[in-house]
Amino acid sequence: AQSVAQPEDQVNVAEGNPLTVKCTYSVSGNPYLFWYVQYPNRGLQFLLKYITGDNLVKGSYGFEAEFNKSQTSFHLKKPSALVSDSALYFCAVRDRGLTGGGNKLTFGTGTQLKVEL
Amino acid sequence: DTGVSQDPRHKITKRGQNVTFRCDPISEHNRLYWYRQTLGQGPEFLTYFQNEAQLEKSRLLSDRFSAERPKGSFSTLEIQRTEQGDSAMYLCASSLVAGLSYEQYFGPGTRLTVT
C-alpha cells in the first residue's frame, strides 16, 4: 500500500529565509507525487506535481519540490518565505487502487508552516 | 467561479438524522472524488466516480454512506443515521484524466458536526 510521511508537524521560518517542508513516500511502481496547501476553513489548493522528467519541479507562488528516487523523498522548497505562506501543507502520492487504474490520493498528516517577521 | 463547489458549507445535525451533501465539479472533469478529513489528519479517500460509474469505495465507507453521480455531473454523498464519529470535513475533488494531468482540484468542503 502507498504511504506518505511528513515527519514535522510544524516548521517555523523567518520571512525572507529559505524554507523546506519534508516528505517521504512508499509506493509500488512509479511514484506520482503532489503538494497541496490548505488555508483555514478552505479546501486544498494544488501547488505542484512530479509525474516524470526533471527531478526539480516548479509550481505556484514560487514553490518548488525536489524528487529524489534513491531517498524516496519529495521535499517542498521556497527560496524566500513570505508571511502569507503560513498554512498547512500536505504531501500526497497517487494510489493506483484495487483496479490498478485508480487515481485516488494518499495524503500525509500535514505540516503547519509558520513564517514570522 | 469555475472551481469545485460544495453545498452546504456547514451542517449541524443530531445523531441519528440523515444528511446529504452536494458537489459540483469543474465542468469538463470526468472524475469526481470524495474524501473525509478530521482534525490533525490529511484527507482520507472515500470513493470516486468516472463519469456516472462509481469505480471504487474505501473500507471507510460503511453501509450508512452512499454516493451517487447520476448524470456524470454533480454528485451527492448521503450519510444515514449519523453518528458522532461522522463529524468531519467532507471534501470533494475533480480531475480530468488526460495525458499527464493527474492533479485533483478540491472544493471548499462541507463541515459536518453531529451532536
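The values are calculated or read from the model by the stated rules, or taken from the named source; none is laboratory data. Because the structure is a prediction, the values reported are computed rather than measured. Ideal geometry is used to build each Cβ from the backbone, glycine not excepted, and the neighbour counts take in all protein chains shown. Heads up: the accessible areas ignore ligands, DNA and RNA and are worked out on the full protein's heavy atoms, side chains in. Shrake-Rupley method; radii C 1.70, N 1.55, O 1.52, S 1.80 Å.
Sorting A:75, B:29 by accessible area puts them as A:75, B:29; the probe is 1.4 Å, largest comes first, and only protein heavy atoms count. Number of Lys-Lys pairs in the protein assembly as shown with C-alpha atoms under 22 Å apart and a separation of 8 or more places or on different chains: 24.
Close amide H contacts of residue B:5 (hydrogens built in the peptide plane, cut-off under 5 Å, sequence separation of 5 or more or a different chain): B:24.
Using Cα pairs under 8 angstrom and six or more residues apart, how large is the relative contact order of chain A, in percent?
35 percent
Computed with every protein chain present, the accessible area of residue A:57 is close to 20 Å² [probe 1.4 Å]. Running a GNM on chain B with Cα contacts under 10 Å, which residue among B:88, B:67, B:98 ends up with the highest mean-square fluctuation? Highest fluctuation of the listed residues: B:98. Computed over chain B with a Gaussian network model linking Cα atoms closer than 10 Å, the most mobile of B:44, B:56, B:103 is B:103.
With a 10 Å cut-off between alpha carbons and a GNM built on chain A, which of A:39, A:25, A:89 moves the most? So, out of A:39, A:25, A:89, the one fluctuating most is A:39. Where does the Debye-calculated log10 I(q)/I(0) of the stretch B:1-112 sit at q = 0.14 Å⁻¹, using only Cα point scatterers of equal weight, no solvent? Per q value, in the given order, log10 I(q)/I(0) is -0.51.
For chain A, a Kirkwood radius taken over Cα pairs fed into Stokes-Einstein (4 °C, viscosity 1.567 mPa s) yields D = 90 µm²/s.
Could you tell me what percent of the DSSP beta bridges with both partners in chain B are antiparallel, to the nearest 5? Can you show the working numbers first?
Working: 35 of 39 bridges.
So the antiparallel bridges in chain B amount to around 90 percent.
Within 10 Å of the Cβ of each residue in A:29-35, the mean number of Cβ atoms contributed by other protein chains is 1.
Averaging over every viewing direction, what projected area does the convex hull of the Cα atoms of the stretch B:16-64 cover, in nm²? List each step's numbers first, then the result.
Numbers: hull surface 18.5 nm².
Approximately 4.6 nm², given one-decimal rounding.
Average partner chain C-beta neighbours within 10 Å, per residue of B:101-112?
Mean shielding by partner chains, rounded to a whole number: 5.
Protein-only accessible surface at a 1.4 angstrom probe places the residues B:24, A:54 in the order A:54, B:24, largest first. Kirkwood analysis of the Cα pair distances in the protein assembly as shown returns a hydrodynamic radius of 18.2 Å.
Normalised by the number of residues in chain B, the mean separation of alpha-carbon contacts (under 8 Å, six or more apart) gives a relative contact order of 37 percent.
With a 1.4 Å probe and every protein chain left in place, work out the accessible area per residue of chain B in Å², rounded to a whole number.
Numbers: 5780 Å² over 115 residues.
I get 50 Å² per residue for this part.
Across the stretch B:69-84, computed HN-Hα scalar couplings (Karplus, 6.51 cos²θ - 1.76 cosθ + 1.60, θ = phi - 60°) run 9, x, 10, x, 10, 6, 10, 10, 10, 10, 10, 9, 6, 4, 10, 4 Hz from first to last residue, x flagging Gly and Pro.
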